[in-house]
Structure formats: structure tokens, C-alpha cells
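Engineer: My structure is below; once you've seen it, I'll send some questions.
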Amino acid sequence: MRTLATILGIVTVLLAGVCSAKEAAVQKEERCAIAAEGPELTAEITKLTGRAPYYQVYDIHGAPIEVIENIYLAQEFNIGPQAAALLGDKQVTLLVGGMAGPKMMDVLEEKNIRFVYRKGVVADVVKELKAE
């Protein structure tokens with residue numbers, strides 16, 4: 001059973017997700033990872049962030065840094081938390097994606113990675129990062 005603090009933390013993160021990716025990224029000079037269905041700019045943002053096949057990483061100006069393949073997809077359990085730890089190891093400080101489970105959210109919080117819920121395509125987020 002999840003604690004009330006964990007549930008409130010998830011709700012807070014989801015409510016915080018109404019801010020733009022640009023507003024979230026500017027707060028710390030961040031590296032933004034976008035949970036994506038593919039490695040291309042036209043890829044859809046995944047519905048389940050932990051099960052994203054790829055994480056496209058950009059700087060806060062929208063310049064591409066790298067594309068990380070989710071090597072944990074073949075596992076049966078704990079895909080999201082392990083993917084979050086991998087992103088933390090890559091110095092990602094902002095993650096944009098679809099829904100994220102409570103275990104993944106715990107690891108994101110532990111690694112000081114902010115989460116912003118989004119739907120759409122990667123190009124929309126990159127365009128937002130490039131905008132002033």
C-alpha cells in the first residue's frame with residue numbers, strides 16, 4: 001500500500017506538469033529527456049514513460065545530445081525504476097513523457113529528476129525548448 005505522502009507527491013507532480021517543458025527546464029539549466037516511441041524527431045511521446053523504447057536527450061535550447069535506448073524493456077519487472085536510474089546516470093534533470101508509475105516516480109525523485117506529463121510528438125517539446 002502506498003503512503004499518503006507518495007500519493008500526494010504523484011498528484012503534485014502531475015499538477016506541476018501543466019507548466020511547459022521550457023519553464024521546467026529553465027529552472028536549472030537542464031538536460032531534458034523525452035520518452036519516445038522512436039529515435040526520430042517525429043516520434044510520438046510514449047503513453048507509459050518507463051516502457052519507452054527510447055529517451056531522446058536535448059539541452060534546454062533544443063539541441064540534441066543523445067538518444068538512449070531503453071535496455072530494460074525485455075525485463076518483466078522494474079523497467080521504469082531502472083530506466084529512471086539510467087537517466088540519472090546520464091545527468092538528465094527533466095523527463096517529459098506519458099504516465100509514470102509510483103516506483104519510477106520514487107527513483108526520479110531520488111535522482112532529482114523533474115517529471116512533466118505530456119502527450120504529442122517529440123518535435124513539439126523540442127520546439128517549445130527552442131522558443132524564448
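Every number here is computed from the coordinates shown, using simple stated rules; none is lab data. Source: prediction; values computed, not measured. No Cβ is skipped: glycine too gets one built from the backbone with ideal geometry, and neighbour counts run over all protein chains shown.
Engineer: For the pair residue 40/residue 124, report the inter-label distance in nm, with labels modelled 7 Å from Cα in the Cβ direction.
Structural biologist: 1.8 nm
Engineer: Same structure again: Quote the relative contact order of segment 29-132 in percent (integer), defining contacts as alpha-carbon pairs under 8 Å separated by 6+ residues.
Structural biologist: 33 percent
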